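All remarks here apply to the structure that follows.
The values are calculated or read from the model by the stated rules, or taken from the named source; none is laboratory data. Since this is a predicted model, take the numbers as computed values, not measurements. Here the Cβ positions follow ideal geometry from the backbone for every residue, glycine too, while neighbour counts run over all protein chains shown.
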Amino acid sequence: METLQSNKTIPWDEKKRRLKQIFPSITDDDLHFNDGKEKVMIDRLAYKLNKSVDELRWIIHSI
């Protein structure tokens, strides 16, 4: 599984800020994950945003 920062050199904190601009309902807690637990965060966020996991990963990587 590729990490959320692998596509570009944009730090995760910046990606979080941009995601919260795109989806105002997202909170810091929604975007928090521990090392090795990205899948849990992605699954939770995809459910909250009514997006597929693949669609959400594409959004995150396109930022």
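Against the condition modelled with pLDDT of 85 or more, in a helix (DSSP H, G or I), surrounded by 14 or more Cβ atoms within 10 Å (Cβ to Cβ) and of a type in the set (Val, Ile, Thr), how does ILE26 come out, does it pass? The answer is no for ILE26. Residues in segment 6-17 that are over 10 Å from the mean Cα position of the chain (by Cα) and either modelled with pLDDT under 90 or not acidic (Asp, Glu) (or both): SER6, ASN7, LYS8, THR9, ILE10, PRO11, ARG17. Residue pairs whose Cβ atoms lie under 7 Å apart, sitting 6 or more positions apart in sequence or on different chains, and linking a residue in segment 6-24 that is over 24 Å from LYS48 (Cα atoms) to a partner that is at pLDDT 95 or above and not in a loop (DSSP other than H, G, I, E, B), do not occur here. For segment 29-46, a residue qualifies if it is hydrophobic (A, V, I, L, M, F, W, C) and at pLDDT 90 or above, and the qualifying residues are LEU31, VAL40, MET41, ILE42, LEU45, ALA46. The set of residues in segment 36-63 being part of a helix (DSSP H, G or I), surrounded by fewer than 12 Cβ atoms within 10 Å (Cβ to Cβ) and among the small types (Gly, Ala, Ser) consists of SER62 alone. Tallying residues that are part of a helix (DSSP H, G or I) and of a type outside the set (D, E, K, R) within segment 7-23 yields 4.
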